[in-house]
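These notes concern the structure reproduced below.
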Amino acid sequence: MVLENKSITNIARCLWKVRIKTNLSRFFSESPWQQKQINDRRVQQMKEAVKTYRRRRDMAALIIDDTLCEHAGDLFEYVARHYHHAEDRYPLSHNLVTSHYVCGQIRFPVDFLIYRRYEEQTRWEEFVKKLLPDRQIPKAKKARQQFHKEVAPLLLLDEEFRAAHEQFKTKITLAKILLEQAIDHNLSFEVVLSMGGIWRKNL
């Protein structure tokens, strides 16, 4: 979790007595993961481990933010070029929206969701070339945004594209899902610190 270089090779190199990267790769890719059940159990264990240290609900917060996990290759599922605000560039990466629980000295991650760019998730360029072969896709940002608006009604007439379009979720939508999941975990907090500011509710 703390490695900057999260390639299979580097993970295998840093693990004690596990140096054969093909074994580690098979474990990650072929094991019958039940991600939600595993995470639910982990959060429950964290709650039990720290229950004697927790403070009042009004002193606890859920932090929701997004971060980039950069990659050297493009074979990862859902990998794409995302904008890095601090460095003004578009690295090849996964964009994770994460939730983190904080109450005094208690701090632990709760969950995460992968944000997928609209163009990547809908295969937008592929459908533009397929359905509008005579139209040239602009490269400049503003011109591309305007082009998006112009061709959207035509692309949405295609059933396959429309299905992908309806599956798209903004980062704000993902943040709301993470908030609901934290509530489902029965985490006690009153403040949510997020990408969009501070929310205060009776949770």
Residue pairs meeting the criteria (Cβ under 9 Å; at least 6 apart or on separate chains; first assigned by TED's automatic domain parsing to the domain that holds Gln121 and in a helix (DSSP H, G or I), in region 165-177; second modelled with pLDDT of 95 or more and small (Gly, Ala, Ser)): His165/Ala152; Ala175/Ser99
Pair list, Cβ < 9 Å and 6+ apart or interchain, from region 63-77 residues that are within 14 Å of Ser7 (Cα to Cα) to residues that are outside any strand (DSSP E or B) and at pLDDT 90 or above: Glu70/Pro91; His71/Pro91
Just name the residue that is modelled with the lowest pLDDT out of those in region 11-43 that are in a loop (DSSP other than H, G, I, E, B) and closer than 19 Å to Asp111 by Cβ. Trp33
Give region 126-147 a look and list any residue that's under 18 Å from Tyr83 (Cα atoms) and touching a residue at least 12 places away in the same chain (Cβ under 8 Å), or say none. none
Yes or no: Ile137 hydrophobic (A, V, I, L, M, F, W, C) and in contact with an Asp or Glu (Cβ under 7 Å, 6 or more places away or on another chain)? yes
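In this structure, is Pro153 assigned by TED's automatic domain parsing to the domain that holds Thr98 and in a loop (DSSP other than H, G, I, E, B)?
No; evaluated as a whole, the condition is false for this residue.
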Of the criteria (1) touching a strand residue (DSSP E or B) at 6+ places or on another chain (Cβ under 7 Å); (2) in contact (Cβ under 8 Å) with a residue 24 or more places away in the chain; (3) within 30 Å of Arg41 (Cβ to Cβ), which one Glu120 fails: (3)
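The values are calculated or read from the model by the stated rules, or taken from the named source; none is laboratory data. Just so you know, these numbers come straight off a predicted model, no measurement behind them. For neighbour counting, all protein chains shown are included, and Cβ atoms are generated from backbone atoms with ideal geometry for every residue, glycine included.
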